[in-house]
Amino acid sequence: MAGSNGKQKTVRDMILSLALIGIAAAVIYVFIPHDDSAPEVKRVDYRVELLTARRAASYPVAAPEGLSQKWKATSVRFRGDQFDAWHLGFDAPGGEYVQIEQSTQKPSAFIDEASQGASATKVTQRIDGRTWTRYSGGRYSALVLSGKDATTVVAGTGSFSQLTEMAEALKAA
């Protein structure tokens, strides 16, 4: 019988140790500050890349002018070796994402990639005298402008109102 009393004491000590560790972990969790919010996305300055793209591309490269400070540029790249592909991404008001994509790539493949699988709708809209086609049903909604030299896609998780705001702000050079 003396042996079973020793086992009970060991089990009891182990349970008490685990309880103390649990209490210590709870205290640390409660009193140590922690931030569960998403990390702030850094604003990027895209002026140099824009100038480079405008010098190198075979078409007029578009970028927005006059957007409010609530629109934060977050990504930029120009790939001259990949169909003169221009990308400019923005953190839009309300935490949405909107991007400008331009390329000389075959339009069907380019639009599918830029819109993350959206399909053309029968809805078009005039922006600055040009006809844009709405695309929906993919990961992103999109406005697409087909040009003779390149295709422009304004796409993202933002509403068509935000996509239109971006398309209205685009200036090409």
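The values are calculated or read from the model by the stated rules, or taken from the named source; none is laboratory data. In this text the structure is predicted, and so the values were computed from the model without any measurement. FYI the Cβ positions are ideal-geometry reconstructions off the backbone, even for glycines, and counts take in every protein chain you see. Accessible surface areas use protein heavy atoms only, side chains included; no ligands, DNA or RNA. Shrake-Rupley method; radii C 1.70, N 1.55, O 1.52, S 1.80 Å.
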Exercise. Could you give me the residue pairs with C-beta distances under 6 Å whose first residue belongs to the stretch 151-172 and is touching a residue at least 12 places away in the same chain (Cβ under 8 Å) and under 19 Å from TYR59 (Cα atoms), whose second residue is of a type in the set (Gly, Ala, Ser) and surrounded by fewer than 17 Cβ atoms within 10 Å (Cβ to Cβ) wherever it lies, and which are 6+ apart or on separate chains?
Key: ALA169/GLY66
Quiz prompt | Long-range neighbours under 7 Å by Cβ, at least six apart or interchain, first residue within 27 Å of GLU165 (Cβ to Cβ) within the stretch 72-85, second outside any loop (DSSP other than H, G, I, E, B) and open to solvent by 90 Å² or more (accessible area, probe 1.4 Å) | solution = ALA85/ARG79
Quiz item: Do you know which residues across the stretch 140-158 are more than 20 Å from THR104 (Cα to Cα) and either among the acidic types (Asp, Glu) or modelled with pLDDT under 95 (or both)?
Solution: GLY158
Practice problem: Only strands (runs of 3 or more DSSP E) wholly contained in the stretch 118-173 count here; list those with 2 or more residues that are open to solvent by less than 40 Å² (accessible area, probe 1.4 Å). | Solution: 119-127, 130-136, 141-146, 151-156
Practice problem: For the stretch 39-50, state whether one or more residues are under 17 Å from the mean Cα position of the chain (by Cα), closer than 25 Å to LEU143 by Cβ, open to solvent by less than 80 Å² (accessible area, probe 1.4 Å) and not aliphatic (A, V, I, L, M). | Solution: yes
Quiz item: Limited to the stretch 154-169, what total is found for residues that are in contact with a Phe, Trp or Tyr (Cβ under 7 Å, 6 or more places away or on another chain) and more than 13 Å from TYR97 (Cα to Cα)?
Solution: 1
